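For reference, the structure is listed below as structure tokens.
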């Protein structure tokens, strides 16, 4: 089978599409034929080792694990004898934030990993996109910030994968949502349910005098210090990007009623979160936003586009036709 490998940190050219042996599931594992996968900022961060914390976790000089890709949608091809959650032929979505391997024609993983049946009304591409930004947004907004109905929530980077789902999930939770994006994406963010949209090229949301119960920086562009004055007295600042500045913000917030919070959202996922997203998608409460699609052979081009920082929603790798 074909699979993407990365044996050194660097530009998209370090990515290799290799021919490797198709895996065989162990007793507790499922083998999935991958139809669609996702390339997002976390994938490019692992490839570049930027921020530096990537090296501390995944290998100082080179990746300890050369496999690539976390989120996928596909069909269960076979199951180990101890597996009861799925059967051959089930269309599923899932992720493996520990071992990776979704950028391949097949992925083999324990059935205890975050996996669930696909929404009945979703394509493979929609389903893969749904869990890319949706799982992270749900974890930060519901589990970490505990957003309540009527709260004011600002999403910075509202047209990206995490931000686009952040707008939709915050609305589902009953919040009044302000999205921040470039002027070119204002209509998109409005279509996702934002009550107000700020064009960051014209207005600095942190200097308008408006305050918010939650500021979710879904792209890691604004610091806790930048946003502090725009938080209500007990407001919460969230960021998805692990940096030294984030660590300092966590320390600063220990001495303030206004809090900075961070979570390793990928490692916090479970079947319950993915099932919740499935149900929201089936009910029409959330939808996928797909910007571009690339075949597996063009994985480097997909990374190169994500590196521009201009993508809207998801960038999808189409691995098989379905």
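Quick check on the range 66-76: of everything there that is closer than 13 Å to residue 104 by Cβ and surrounded by fewer than 21 Cβ atoms within 10 Å (Cβ to Cβ), which residue is nearest to the chain's Cα centre (by Cα)?
In this case the residue turns out to be 67.
Taking only the range 27-47 into account, find how many residues are in contact (Cβ under 8 Å) with a residue 60 or more places away in the chain and over 25 Å from residue 123 (Cα atoms). Don't jump to the end; show me each part of the working.
Going through the range 27-47, the residues in contact (Cβ under 8 Å) with a residue 60 or more places away in the chain turn out to be 28-44, 47.
Within this subset, residues satisfying the condition of being over 25 Å from residue 123 (Cα atoms) are 28, 47.
Qualifying residue count for the region: 2.
Taking the condition of being assigned to a loop (DSSP other than H, G, I, E, B) and either at pLDDT below 95 or in contact with a helix residue (DSSP H, G or I) (Cβ under 8 Å, 6 or more places away or on another chain) (or both), how many residues in the range 63-83 meet it? Steps first, please.
Of the residues in the range 63-83, the ones assigned to a loop (DSSP other than H, G, I, E, B) are 63-66, 68-70, 80-83.
Restricting the remaining residues to those that are either at pLDDT below 95 or in contact with a helix residue (DSSP H, G or I) (Cβ under 8 Å, 6 or more places away or on another chain) (or both) gives 63-65, 68-70.
Matching residues across the range 63-83 total 6.
Would you confirm, using the coordinates I've provided, whether residue 59 is on the phi > 0 side of the Ramachandran plot and either at pLDDT 95 or above or under 18 Å from the mean Cα position of the chain (by Cα) (or both)?
Details: on the phi > 0 side of the Ramachandran plot: yes; either at pLDDT 95 or above or under 18 Å from the mean Cα position of the chain (by Cα) (or both): no.
When the stated conditions are applied, residue 59 does not pass them.
Anything in the range 113-129 that is in a helix (DSSP H, G or I) and over 21 Å from residue 85 (Cα atoms)? List them, or say none. First the steps, then the outcome.
Going through the range 113-129, the residues in a helix (DSSP H, G or I) turn out to be 124-129.
Within the range 113-129, 125, 126, 129 meet the criteria.
Determine the pairs where a residue that is outside the structural domain of residue 72 (by TED's automatic domain parsing), located within the range 295-309, has a partner that is surrounded by fewer than 18 Cβ atoms within 10 Å (Cβ to Cβ) and part of a helix (DSSP H, G or I) with Cβ atoms under 6 Å apart, the partner being 6 or more residues away or on another chain.
Nothing qualifies.
Residues that are at pLDDT 90 or above, touching a strand residue (DSSP E or B) at 6+ places or on another chain (Cβ under 8 Å) and surrounded by 14 or more Cβ atoms within 10 Å (Cβ to Cβ), at least 3 per element: which helices (runs of 4 or more DSSP H) completely within the range 235-322 meet that?
It comes to 271-282, 299-307.
Give the residue that is farthest from residue 15 (Cα to Cα), with candidates limited to residues of the range 89-112 that are in a loop (DSSP other than H, G, I, E, B) and touching a strand residue (DSSP E or B) at 6+ places or on another chain (Cβ under 6 Å).
The qualifying residue farthest from residue 15 (Cα to Cα) is 90.
Just a yes or no: is a residue in the range 23-32 in a helix (DSSP H, G or I) and surrounded by 19 or more Cβ atoms within 10 Å (Cβ to Cβ)? Give the steps one after another, and end with the answer.
Residues of the range 23-32 that are in a helix (DSSP H, G or I), as a first pass: none.
No, because not a single residue in the range 23-32 is in a helix (DSSP H, G or I) and surrounded by 19 or more Cβ atoms within 10 Å (Cβ to Cβ).
Which members of the range 118-166 meet the condition of being free of Cβ contacts under 8 Å to residues at least 60 places away in the same chain and farther than 21 Å from residue 279 by Cβ?
150, 163 - these are the residues of the range 118-166 that are free of Cβ contacts under 8 Å to residues at least 60 places away in the same chain and farther than 21 Å from residue 279 by Cβ.
Just to be sure before I move on: is residue 150 within 18 Å of the chain's Cα centre (by Cα), closer than 26 Å to residue 228 by Cβ and either surrounded by fewer than 24 Cβ atoms within 10 Å (Cβ to Cβ) or outside the structural domain of residue 314 (by TED's automatic domain parsing) (or both) in the structure I sent?
Numbers: within 18 Å of the chain's Cα centre (by Cα): no; closer than 26 Å to residue 228 by Cβ: yes; either surrounded by fewer than 24 Cβ atoms within 10 Å (Cβ to Cβ) or outside the structural domain of residue 314 (by TED's automatic domain parsing) (or both): yes.
Against the criterion (within 18 Å of the chain's Cα centre (by Cα), closer than 26 Å to residue 228 by Cβ and either surrounded by fewer than 24 Cβ atoms within 10 Å (Cβ to Cβ) or outside the structural domain of residue 314 (by TED's automatic domain parsing) (or both)), residue 150 does not qualify.
Out of curiosity, is residue 231 modelled with pLDDT of 85 or more, in contact with a helix residue (DSSP H, G or I) (Cβ under 7 Å, 6 or more places away or on another chain) and under 25 Å from residue 167 (Cβ atoms)?
no
The values are calculated or read from the model by the stated rules, or taken from the named source; none is laboratory data. Treat the numbers as computed from the prediction; the structure is a model and nothing was measured. Don't worry about glycine lacking a Cβ; one is built from the backbone with ideal geometry, like all the others, and counts go over all protein chains shown.
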